[in-house]
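What follows is a single structure, written as structure tokens, with notes after it.
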Amino acid sequence: MKVMIMDCFHWMGFHLVEKYLSEGIEVIGLDQMDHPRKEFLYSMIGRNALFEWNEDISKVESDESKHSVIAFNQQPTKVKKLLKRYKIRGDFYFIMEEGNSSRNNSEELGLIQNEYMIYTPALMGKWMDDGRFHEVTELEEYIWMDDFVSWLFSFIEQSNKPNLVYLTNQYSRGELDFTSHVSKQDAIEQIQEHISNWKCEYYHLNS
């Protein structure tokens, strides 16, 4: 199964691209190359033979492969119509941060067996916009992005999982346990160091 990541050069999607490539899994990335920061992130992975980038889903070659499609903060109904139009088959995962959409139940979302909606608190991690980083530091609840990516990777591999998940930084469901292993202060310090290290190459580019 291939993995298709929508908005693959948004900082959230990029974390997933890196995770799957590190696991030796083929990734199809979808994104518009409309910003210098995206060009920079592409330069870091573009030579990887397991990575295929397309600006438009219509450019993805249609085959019989099933995909795990992952989308952050996008309207599920709109994404599902797009996938159906271009005959993309597989399991679809929609991740929605708090504040980007009101919570719905699975019936309202029209989720079927192979569709999963995961609501999360604010996500915090490297490559995030420095303005958004300062906003998240003021929130009481957050999830460290590396922890979330590891959890999501395991969640996708599981069978008999729920179609609708409301994640917190202390979420637990049987064998699928999620606990953030990075304290807020450690997270802030790691991102501050990351911003300092990449200030000339990445963070000087306009937001």
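Return the total of residues in the range 1-27 being touching a Lys or Arg at 6+ places or on another chain (Cβ under 7 Å) and under 15 Å from TYR93 (Cα atoms). Give the steps one after another, and end with the answer.
Initially, the range 1-27 is screened for residues touching a Lys or Arg at 6+ places or on another chain (Cβ under 7 Å), giving 1, 9, 26.
With the extra rule that they be under 15 Å from TYR93 (Cα atoms), the set shrinks to 1.
Total satisfying the criteria: 1.
Which one is nearest to LEU164 (Cα to Cα), of the residues in the range 47-81 that are small (Gly, Ala, Ser) and under 18 Å from the mean Cα position of the chain (by Cα)? It would help to see each step written out before you state the result.
In the first step, residues of the range 47-81 are kept if they are small (Gly, Ala, Ser); the result is 49, 58, 62, 65, 68, 71.
So of that shortlist, the ones also under 18 Å from the mean Cα position of the chain (by Cα) come out as 68, 71.
On the way: SER68: 16, ALA71: 15 Å.
Within the range 47-81, the match that is nearest to LEU164 (Cα to Cα) is ALA71.
I need the full set of residues from the range 126-142 which are in contact (Cβ under 8 Å) with a residue 24 or more places away in the chain and at negative phi, in order please. Break it down stepwise before answering.
Filtering the range 126-142 down to residues in contact (Cβ under 8 Å) with a residue 24 or more places away in the chain leaves 126-131, 133, 137, 141-142.
Listed by number, the residues that qualify are LYS126, MET128, ASP129, ASP130, GLY131, PHE133, THR137, GLU141, TYR142.
Out of ASP91, ASP63, ASP129, report the one residue that is modelled with pLDDT under 90, over 18 Å from HIS181 (Cβ atoms) and acidic (Asp, Glu).
On the way: ASP91 fails: modelled with pLDDT under 90; ASP129 fails: modelled with pLDDT under 90.
Step by step, each of ASP91, ASP63, ASP129 is checked, and only ASP63 is modelled with pLDDT under 90, over 18 Å from HIS181 (Cβ atoms) and acidic (Asp, Glu).
I'm checking my understanding of the structure. Among residues of the range 71-98 that are in contact (Cβ under 8 Å) with a residue 60 or more places away in the chain and of a type in the set (Val, Ile, Thr), which one is surrounded by the most Cβ atoms within 10 Å (Cβ to Cβ)?
The qualifying residue surrounded by the most Cβ atoms within 10 Å (Cβ to Cβ) is ILE95.
The values are calculated or read from the model by the stated rules, or taken from the named source; none is laboratory data. Quick caveat, the model's predicted, so the values are computed rather than measured. When we count neighbours, we look across all protein chains shown, and the Cβ atoms used for this are built from the backbone with ideal geometry, even at glycine.
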